1. Just the residues that are facing another protein chain (nearest Cβ under 8 Å) and either surrounded by fewer than 23 Cβ atoms within 10 Å (Cβ to Cβ) or hydroxyl-bearing (S, T, Y) (or both), please, taken from region A:345-374.
2. Inspect all residues belonging to region B:278-296 and state whether any of them is part of a helix (DSSP H, G or I) and in the same structural domain as B:G328 (by TED's automatic domain parsing).
3. Would you pick out the residues in region B:181-207 that are surrounded by fewer than 24 Cβ atoms within 10 Å (Cβ to Cβ) and either of a type in the set (S, T, N, Q) or farther than 19 Å from B:Y99 by Cβ (or both)?
4. Against the condition touching a residue at least 12 places away in the same chain (Cβ under 8 Å), assigned to a helix (DSSP H, G or I), out of contact with any Cys (no Cβ under 7 Å at 6 or more places or on another chain) and at negative phi, how does A:I364 come out, does it pass?
5. Just give me the residues in region A:117-148 being more than 20 Å from the chain's Cα centre (by Cα) and either of a type outside the set (S, T, N, Q) or surrounded by 24 or more Cβ atoms within 10 Å (Cβ to Cβ) (or both), in sequence order.
6. Can you name every residue in region B:59-84 that is assigned to a loop (DSSP other than H, G, I, E, B) and small (G, A, S)?
7. From A:L193, A:L222, grab the single residue that is farther than 15 Å from A:A167 by Cα and in contact with a helix residue (DSSP H, G or I) (Cβ under 8 Å, 6 or more places away or on another chain).
8. Please go through (1) touching a residue at least 60 places away in the same chain (Cβ under 8 Å); (2) of a type in the set (S, T, Y); (3) closer than 16 Å to B:K3 by Cβ for B:Y353 and return the number of the only condition it doesn't satisfy.
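The values are calculated or read from the model by the stated rules, or taken from the named source; none is laboratory data. Please read these numbers as outputs of a predicted model, since none were measured by experiment. Positions of Cβ are generated from backbone atoms using ideal geometry, with glycine treated the same way; all protein chains shown enter the neighbour counts.
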There are 2 protein chains.
Amino acid sequence: MIKQRLFTPGPTDVPPEVLIEMAKPIFHHRTQRFKDMFAAVNEGLKKLLFTANDVLTIAGSGTAGMEAAMSCAIPRDKKVLVAQGGKFGERWVKVAKTYGLKVDEVKTEWGTAISPQTVKEKLATGDYGAVVVVYSETSTATACDLKGIAEVVKATDALLIADCITAAGTLPLKVDEWGVDIVASGSQKAFMLPPGLAFVSVSPKAWAQVEKITPPNFYLNLKAYRKSLAANDVPYTPAVTLIRGTQVSLDMIHKIGVEKVWARTALLARALREAMKAQGMSVFSKQPSDSVTGIVYPEGVEDKTFRNKVLRDKWGASVAGGQDFMEGKMFRVSHMGYVDPLDTIGLVAAIEYGLKACNVPVQIGKGVAVAADIIKDWA
Amino acid sequence: MIKQRLFTPGPTDVPPEVLIEMAKPIFHHRTQRFKDMFAAVNEGLKKLLFTANDVLTIAGSGTAGMEAAMSCAIPRDKKVLVAQGGKFGERWVKVAKTYGLKVDEVKTEWGTAISPQTVKEKLATGDYGAVVVVYSETSTATACDLKGIAEVVKATDALLIADCITAAGTLPLKVDEWGVDIVASGSQKAFMLPPGLAFVSVSPKAWAQVEKITPPNFYLNLKAYRKSLAANDVPYTPAVTLIRGTQVSLDMIHKIGVEKVWARTALLARALREAMKAQGMSVFSKQPSDSVTGIVYPEGVEDKTFRNKVLRDKWGASVAGGQDFMEGKMFRVSHMGYVDPLDTIGLVAAIEYGLKACNVPVQIGKGVAVAADIIKDWA
């Protein structure tokens, strides 16, 4: 009789309104009905990203979206700067290398992110055709200064490609105002959907580059999606059910207002961080993302016992573990999408119970009170 | 993006496992398939009530179950004692009068319940053929000593009919061991189902009385249900979808264990009471039921603002108001069925926010910490 709640940084919980919509019978995608629905979804996506750019919807994961962007838009004659401060930065280096691109991997310590200054210095050499950054690096729960980086990149000929998979719809992001050329995101994060869709916005500056490159692939060829999009259509069979859910979830988001959603996410993130600090715990990141919070385990906490046996199985709260060298050393909590104040307050109690079950001396209720006090300002 | 949670003392939240089962296509009820399912449900109901008695399933509300019991089993030649300490006691008086029974309405102050001693004294006169009590009077959030009352009644020829609508599956109840002749309950409470079914257990002693009475009605004629039950069937078209859901919910309950469910409910109730006391609030009942808690509003709290605008619309927590002369003066919270620890901790925060929004000076987090500390012992 325990309710299961996802606090993992993807997948996140899906609202019943969306689940019900997706339970409806399939209809054919080569129809006006599909085009009408897709047109509405495309408008909603643009509004969410504050952009007039094309936003392409690809049946695939966020990785498919990033691969489409990187493989089709990064100039071949210049270097690509890939910021790498975690598992996803690492992945984009691999993608770039797969396509034989000239990669300059700029590493930062886990828990930190590349600075606009570093990007500026690199681009000043004139050697770069594109910059790839991760706005919210999920593995380290760290956000970079995307706005600052965009300001630097847009003054050059280089393209800025941002992995916004756990950032779009949750961290402040104004694509046109900031000048982010390509933004890729995924459905199972702030969009409150199951996994299965990637959303990719492409600026005119990026399209100009895409035009110069012979497509190195077929399914992830951005141009094919752009051509179909002009007729509110898709080149290959779309995931109709997921797109149907997207229409409902976007309506829900826009009813509240995107900027309000950002503020709410930030408040929940702050509540968790402060509650954890009140219990003597430390936040892993030096530049914490409000999408996801990474908390370092105190001495003696066994990760699997804490997360699976206690939090998930006993109290119904699923959180993620650490990755790579932080595996077993931290846990990560999502604040994205369909997670609300009462959930978050309950989660803090579950974390306190988990720590106690792992013999960490905590005063049950101390963190919960701190979280409740911060969340009172939720509007 | 607020999750809606029902803390009302019926309806209560329904688990997704049950909702999914009920979403499956209809099948015909005059089939072996239905009989097999119904047999399993009947076994589950007996196990939940700790009884070898017949448990009848009626498509109707809990009121239908009580009316069936009262109209078919209460001897016409003697008086019926109806304990009345709230809206439901009041209703059973009305039902008894509707059928022309000789009603002795024994009133107790709201927030208290009839004692075994009072029942004993009344029955000593030899004038009574039946006693009707409400185990958990939902309107006043008050429980009577059903075990003590049963001990008194079973020593006589009188029947004990207990409204266990908000008690079965949530308060301790051992029908055979205690000797409760008729128990009526409803699906939308601890059974974790939508409204629409009444469950009525009938003892051999009660059947003997039923046999002596000419049925005064048709649809609610207990004998018709008994006759069909012998063949794992029902006399009139059953609510197949709800019975289907019942099979799943009973399996969930029995997987945990009925007595463990009682203990969990009691813990959540205690957590709420203590959290409220820590905030200077008072519990309405002098004999609080663990199924539902009634909390008296402090001066100046406007009921509809508190419950609807703040708790429900802003924080996603639905609670019930007071009834009759307590309307606008208290609110009531259910601990039955599919409500869990994290829900309850979150609810306490929502109540604190609600009080603050109504200008009651509360220290946000104080009650939440108290609740979290009590709930840590949940097992």
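1. A:Y353, A:K356, A:I364, A:K366, A:D373
2. yes
3. Within region B:181-207, B:P194, B:P195, B:G196, B:S203, B:P204, B:K205 qualify.
4. Answer is no for this residue.
5. Selection gives A:V119, A:K120, A:E121, A:K122, A:L123, A:A124, A:G126, A:D127, A:Y128, A:G129, A:A130.
6. Within region B:59-84, B:G60, B:S61 meet the criteria.
7. None of the other options fit; the residue is A:L222.
8. Failing condition for B:Y353: (1).
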